[in-house]
Number of protein chains: 2
Amino acid sequence: MSPINLAIVGVGKIVRDQHLPSIAANPDFKLIATASRHGTVDGIESFTAIEDMLKAVPAIDAVSLCMPPQYRYEAAHKALSAGKHVFLEKPPGATLSEVADLEDLAKSKGVSLFASWHSRYAPAVEAAKSFLGSTKINSVHVIWKEDVRHWHPNQEWIWQAGGLGVFDPGINALSIVTHILPKAIFLTGATLEFPENRDAPIAADLHFKNADDLPIHAEFDWRQTGKQSWDIVAETDAGQMVLADGGAKLTINGELKSSEPEQEYPSLYRRFAEIVKAGTSDVDLAPLRHVADAFMLGRRKFVEAFHD
Amino acid sequence: MSPINLAIVGVGKIVRDQHLPSIAANPDFKLIATASRHGTVDGIESFTAIEDMLKAVPAIDAVSLCMPPQYRYEAAHKALSAGKHVFLEKPPGATLSEVADLEDLAKSKGVSLFASWHSRYAPAVEAAKSFLGSTKINSVHVIWKEDVRHWHPNQEWIWQAGGLGVFDPGINALSIVTHILPKAIFLTGATLEFPENRDAPIAADLHFKNADDLPIHAEFDWRQTGKQSWDIVAETDAGQMVLADGGAKLTINGELKSSEPEQEYPSLYRRFAEIVKAGTSDVDLAPLRHVADAFMLGRRKFVEAFHD
């Protein structure tokens, strides 16, 4: 089978850091065009608008959309309408409703839509899921605390309404939690801290449970300096499980069970090729639905202004 | 067929005003028990807790849940687990995720779950839907402005996080709009006004569109004194359509097309009997999903304190 001719829209940091190397290493894909207001990729035909690209390069089979979520629907709608498969960076959109609409469109066009959640492909996630499925879980504590100045310097879109604020990393935790826990969870209470000069929260404290009353407490904070934390701790009948470093490292009762090199984006592109070949879509809205639930149910608290 | 033995949980204003007369007038239902912290119904066996009621009255076939949405999941889970059909007052829950969980539970138990949207059964709604389906729509304007002091005097739960504030009436408008428009809509921008002493918004300004770029503007406001407005105005190629009085009255180009007596709750109970007999569920989350989207995407603005 000849490779899938791929185009990228929105050439920024995540594309250079993750998408380009993963695509280059995957024989299922061939990058043939980009569309971006500013960014280009050396040696690849570039456009500033997706509609121009789609018109000029009919050989495109699939499109990866990597612009901020507030602008993703328009591009996805154009690509799907033109019969292209679509890979959505996370989060898949600015609203749940627009992604539901894209899902219907992909189905009616007979093309694949992929709502990607890279953290679900972190190396120790499957081992954690399998451990949790084998025992009784008594509580879960999620600690996702990082320094926004380091990870998102001067990224204005992330602070705008719809940019999700601390839920931009936090949704990675939610994508793992919803994947590794055996039962569906739902929010029972939340506090969201908004800097008084920003439209998106800088911290969130979330309480979930499932139908069995399992308590799940999640703390997201963007003000963490020093050691960064991306940990999921579960107390179980078989002892304490710590899934650390964003899903990279699994420890059970202090014993290291898994610590493999990170392969998230290469795995995402393998999955994308798989669904394109199978003629299916992969759109799980649960992580974004929990974020929307947190904004709807959460109490708002104002905290001191944030300046980059 | 013998009537469906029904219980009501959460006996308050909406139950006395709407549920009781609708149930009394429908031979498909027989009210046999209630559970409520304070309210009772004359001549009907009453309990203070749903679990006591379910244990003491095994003849119950179905339960209508009318408590505030923040407390609905627990009760719904107990009723569905006990094999009872469930009627959820609007909104169906405090989060989207819990309702998705209830949907799965109803399916696994083989019972019916009904997420009710009473405004969809307002008398002129179907005529409006049929008119809009027959022409090209150019814009839609939704004006839902009422006096919260009049309609929700001292209802504290409505102002708490999860109580939805002005979206409690606004979701009625959204339930109609999502039903009468031929294509799915999604939010593109929103402003939510929170009284500085409250956890829920008192006003919201919402912009939606659909895949065809149809502009839909909705204004929800709880500070309206004097004339109350529950109107949906559409400019179309066949002229101006006004669906007024919360769906009760349809006017096209100034000509009155439909104005029938209100039958919302009787229609809801007819629909509930229909799905119970058919062994199906009726759970459309679109209205609540738009509300969650508005909280997630919307800008928050603080306005003067609100006192009842």
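Quick look at the values:
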read-out	value
Formal net charge of residues neighbouring A:Gly12 (Cβ-Cβ distance under 11 Å; K, R +1; D, E -1)	+1
With Cα atoms, 0 to 90° folded angle of helix B:72-81 axis to chain B main axis	50 degrees
Residue among A:Val142, A:Ile185, A:Ala173 farthest towards the positive dipole end of region A:135-188, charges placed on Cβ	A:Ile185
The protein assembly as shown: calculated mean residue ellipticity at 222 nm from DSSP helix runs of at least 4, using -39500 (n - 2.57)	-8500 deg cm²/dmol
Shielding score for A:296-306, defined as the mean number of other chain Cβ atoms within 10 Å	5
Region B:117-194 versus region A:60-139: alpha-carbon centroid distance in Å	29 Å
Longest segment of chain B lacking GluC sites (Glu not before Pro) that sit in a DSSP loop with at most 13 other Cβ atoms within 10 Å	B:1-195
Amide H within-cut-off set for A:Val303, under 5 Å, with H built and near neighbours excluded	A:Phe194, A:Glu196
Estimated FRET transfer efficiency when R0 is 35 angstrom, pair A:Ala278-A:Asp17 (beta carbons, to 0.05)	0.80
Cα-based Rg of chain B normalised by 2.2 N^0.38 Å, two decimals	1.01
Copies compared at A:Asn253 - label distances in nm, ascending, label defined 7 Å from Cα in the Cβ direction	8.1
Net charge contributed by nearby residues that have their C-beta within less than 11 Å of A:Trp151 (K/R +1, D/E -1)	-1
Local net charge near A:Leu164, Cβ-Cβ under 15 Å (Lys/Arg +1, Asp/Glu -1)	-3
Cα-centred dipole magnitude for region A:4-115, charges only on beta-carbon of K, R (+1) and D, E (-1), debye, nearest 20	80 debye
Cα-derived Rg to Rh of region B:1-120, Kirkwood definition	0.93
Cβ-vector label at 7 Å, B:Val233, separations to other copies in nm	5.8
Antiparallel %, DSSP beta bridges [both residues in the protein assembly as shown], to 5	55 percent
DSSP-assigned coil residues among trypsin sites (Lys or Arg not before Pro) in region A:221-308, each with at most 10 further Cβ atoms within 10 Å	A:Lys227
Long-range amide H partners of A:Ala238 with built H, under 5 Å	A:Lys136
Of the trypsin sites (Lys or Arg not before Pro) in region A:93-141, those whose Cβ has at most 15 other Cβ within 10 Å and which sit in DSSP loop	A:Lys136
For the protein assembly as shown, convex hull volume per residue from C-alpha positions, Å³	169 Å³
R0 of 35 Å, Cβ-Cβ distance A:Asp213-B:Ser134: FRET efficiency to nearest 0.05	0.10
3J(HN,Hα) from dihedral phi, region A:246-261, Karplus parametrisation 6.51/-1.76/1.60, rounded to Hz, x for glycine, proline	x, x, 7, 9, 10, 10, 10, 6, x, 9, 6, 9, 7, 7, 9, x
Separation of alpha-carbon centers, region B:214-283 and region B:6-44, rounded to whole Å	25 Å
7 Å along Cα→Cβ, label-point gaps from A:Arg299 to other copies, nm, shortest first	2.7
Reachable lysines, given that their alpha-carbon falls under 20 Å from the alpha-carbon of B:Lys55 and they are not under 8 places away in the same chain	B:Lys30, B:Lys78, B:Lys84, B:Lys109
For chain B, share of DSSP beta bridges that run antiparallel, in % to the nearest 5	55 percent
Order of B:Arg198, B:Arg149, B:Arg72 - criterion: other Cβ atoms within 10 Å of each residue's Cβ, fewest first	B:Arg149, B:Arg198, B:Arg72
Computed label-point distance, nm, for sites B:Phe302 and A:His141 using a 7 Å Cα→Cβ extension	3.2 nm
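We did not get these values from a lab; they are worked out from the coordinates using the rules stated. Keep in mind it's a predicted model, so treat the numbers as computed, not measured. All Cβ positions, even for glycine, are placed from backbone atoms using ideal geometry, and neighbour counts span all protein chains on display.
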